Amino acid sequence: SGGDFHKGHRVMIDRQGNIGYLCHACTHERDDGFDWRKPVDGSTKATEWGPRIPFEKLPHMLNPPSGFIQNCNNNPYTTTPNRPIKPRDFPRHLASQSTILQPNQRAFRATELLDSLETIGFADMERISMDVKCLTVDKYLDAILASYARLPDRLVDNEDAKQAIAILKTWDKMATVDNRALPILATVVEVAGTKTPPGKPNPRQVANVFEKALALMKRRWGSVSVFWGDVHVIQRGDQILPAAGAGNEQSTAPFTTLYMTGTSKMVDNRWPADRGSSWMMLVKYHQGTIEAKTIVPWGNSPDPDSPHYADQAPLFAKRQYKKALLTRDEIVADAKSTITLEH
């Protein structure tokens with residue numbers, strides 16, 4: 001679930017294979033002549049809320065023709081192709097009116113991967129949920145590469161810049177632990193002090209920032225060729241593990257992947273992931289049976305002395321799930337200790 005203007009997105013399935021979506025909200029009728037994303041005048045009756053919007057009049061759908069529903073906090077009108085839910089049928093204040101996903105949205109990538117499959121299996125869902133294609137790098141790559149294309153003399157006798165440009169040109173835009181492009185781009189953004197490059201970036205300004213970023217990389221790590229997993233990590237206690245992926249649209253880090261490992265600050269010349277997915281779960285219903293996998297980024301226990309403080313971190317770092325124990329027999333067989341309560 002997630003929020004679009006403080007509402008929740010609910011995606012559902014039952015044992016018969018029906019799938020459904022509901023934009024769940026406790027909200028009221030309001031005058032759409034006002035922009036409710038901003039403060040409104042509370043001294044006029046025109047901004048008073050009306051009756052509560054009933055459940056059946058909220059955006060919802062059952063069994064869309066596409067055969068799948070996804071939501072990554074995108075609005076109700078972009079949860080599946082062909083838009084079974086249409087903005088014109090609902091008040092404007094319920095959600096943003098966009099009906100088209102943008103390539104830099106996680107929902108775009110999820111839809112792209114799901115829509116490419118004839119059938120969707122459990123392994124497909126696992127792969128898609130752990131996808132690390134970096135969706136928000138094009139504007140940075142384009143600005144840097146275009147600037148040096150216009151200023152080729154900047155590369156003469158500048159081996160660091162040549163090497164860094166070659167890394168960026170050959171990158172597949174996957175935020176894997178062995179990619180060498182994201183350390184460069186993350187440092188560029190750090191030096192620039194902004195997540196968003198100018199609409200029409202000045203080539204010399206871009207080159208200046210780029211070369212300052214490369215100089216910072218040399219001071220920090222001794223090279224402009226650095227693996228992402230060496231500087232982007234999952235840290236739990238004394239355990240430090242290479243981390244793939246990047247952040248999300250709301251994270252401090254400006255880069256976005258479906259597998260979320262955002263970071264807000266640098267510690268000891270590394271970016272430890274401290275935001276993103278709080279937990280992940282896959283569930284499969286099949287002919288009355290349930291199969292499930294889960295993962296918590298670190299572990300179930302907040303106690304540093306517990307063996308479960310960081311026992312899931314290696315799995316999460318490798319983008320893997322663990323089997324969920326669903327029956328009493330499974331749980332008893334896996335139990336490390338038991339307590340019997342008597343009365």
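Taking region 18-31 on its own, how many of its residues are under 16 Å from LYS57 (Cα atoms) and open to solvent by 30 Å² or more (accessible area, probe 1.4 Å)? Talk me through it step by step, then tell me what you get.
Residues of region 18-31 under 16 Å from LYS57 (Cα atoms): 20-30.
Next, from what is left, pick out any that are open to solvent by 30 Å² or more (accessible area, probe 1.4 Å): 24, 26, 28-30.
Residues in region 18-31 being under 16 Å from LYS57 (Cα atoms) and open to solvent by 30 Å² or more (accessible area, probe 1.4 Å): 5 in total.
Is it the case, given these coordinates, that THR294 is surrounded by fewer than 18 Cβ atoms within 10 Å (Cβ to Cβ), modelled with pLDDT of 90 or more, of a type in the set (Ser, Thr, Tyr) and in contact with a Lys or Arg (Cβ under 9 Å, 6 or more places away or on another chain)? Taking the combined requirement at face value, the residue satisfies it.
Inside region 321-333, can you point out the residues that are open to solvent by 80 Å² or more (accessible area, probe 1.4 Å) and under 16 Å from ASN300 (Cα atoms)?
The first filter runs over region 321-333 and keeps only residues open to solvent by 80 Å² or more (accessible area, probe 1.4 Å), leaving 323, 326, 328-329, 331-333.
Within region 321-333, LYS323, ILE331 meet the criteria.
A search for C-beta distances below 6 Å between a residue of region 264-291 that is under 22 Å from GLY17 (Cα atoms) and aliphatic (A, V, I, L, M) and any residue that is open to solvent by less than 70 Å² (accessible area, probe 1.4 Å) and part of a strand (DSSP E or B), counting only pairs 6+ apart in sequence or on different chains, returns MET280/ILE295; MET281/THR294; LEU282/LYS293; VAL283/ALA292.
Of ILE184, ILE144, ILE234, ILE165, all but one fail to be in contact (Cβ under 8 Å) with a residue 40 or more places away in the chain, touching a helix residue (DSSP H, G or I) at 6+ places or on another chain (Cβ under 7 Å) and over 18 Å from PRO254 (Cβ atoms); the exception is ILE234. When region 312-343 is filtered for residues that are under 23 Å from GLN235 (Cα atoms) and part of a loop (DSSP other than H, G, I, E, B), the ones remaining, listed by number, are GLN312, LYS318, ARG319, GLN320, TYR321. Evaluate region 190-203: report whether one residue or more is open to solvent by 60 Å² or more (accessible area, probe 1.4 Å), more than 17 Å from PRO254 (Cα to Cα) and not charged (D, E, K, R). There is at least one residue in region 190-203 that is open to solvent by 60 Å² or more (accessible area, probe 1.4 Å), more than 17 Å from PRO254 (Cα to Cα) and not charged (D, E, K, R).
Checking the conditions here, which among ARG109, ARG37 is part of a helix (DSSP H, G or I) and either surrounded by fewer than 19 Cβ atoms within 10 Å (Cβ to Cβ) or within 28 Å of the chain's Cα centre (by Cα) (or both)? Don't jump to the end; show me each part of the working.
Details: ARG37 fails: part of a helix (DSSP H, G or I).
Answer to the selection: ARG109.
Of the listed requirements (1) over 28 Å from GLY247 (Cα atoms); (2) in contact (Cβ under 8 Å) with a residue 24 or more places away in the chain; (3) among the basic types (Lys, Arg), ARG37 misses just one: (1).
Just one of the listed residues (VAL132, VAL137) is surrounded by 14 or more Cβ atoms within 10 Å (Cβ to Cβ), farther than 25 Å from ARG37 by Cα, of a type in the set (Val, Ile, Thr) and modelled with pLDDT of 95 or more, namely VAL132. Just one of (1) within 19 Å of ALA310 (Cβ to Cβ); (2) in a loop (DSSP other than H, G, I, E, B) fails for THR294. It is (2).
Restricting attention to region 78-106 and to residues that are in a loop (DSSP other than H, G, I, E, B) and within 22 Å of GLY276 (Cβ to Cβ), the residue that is least open to solvent (accessible area, probe 1.4 Å) turns out to be THR79.
Take the residues of region 122-149 that are in a helix (DSSP H, G or I) and of a type in the set (S, T, N, Q): which is farthest from the chain's Cα centre (by Cα)?
Going residue by residue through region 122-149, those that are in a helix (DSSP H, G or I) are 122-129, 138-149.
From what is left, the residues that are of a type in the set (S, T, N, Q) are 129, 147.
Values: SER129: 10, SER147: 29 Å.
If we take residues in region 122-149 being in a helix (DSSP H, G or I) and of a type in the set (S, T, N, Q), then SER147 is farthest from the chain's Cα centre (by Cα).
When MET260 is tested against (1) open to solvent by less than 80 Å² (accessible area, probe 1.4 Å); (2) of a type in the set (A, V, I, L, M); (3) more than 22 Å from the chain's Cα centre (by Cα), only condition (3) is not met. Only residues that are part of a strand (DSSP E or B) and either out of contact with any His (no Cβ under 7 Å at 6 or more places or on another chain) or among the hydroxyl-bearing types (Ser, Thr, Tyr) (or both) were counted across region 49-77, and they come to 3.
In summary, ASP305 fulfils each of the numbered conditions (1) open to solvent by 30 Å² or more (accessible area, probe 1.4 Å); (2) more than 25 Å from THR136 (Cβ to Cβ); (3) assigned to a strand (DSSP E or B) with the single exception of condition (3).
If the condition is being part of a helix (DSSP H, G or I) and in contact (Cβ under 8 Å) with a residue 12 or more places away in the chain, then region 112-121 contributes LEU113, LEU114, ASP115.
The values are calculated or read from the model by the stated rules, or taken from the named source; none is laboratory data. If you're wondering where the values come from, they're calculated on a predicted model, not measured in any experiment. Quick reminder, even Gly has a Cβ in these numbers, built from the backbone with ideal geometry, and neighbours come from all protein chains shown. Just so you know, the surface numbers come from the protein's heavy atoms only, side chains and all, with ligands and any DNA or RNA stripped out. Shrake-Rupley method; radii C 1.70, N 1.55, O 1.52, S 1.80 Å.
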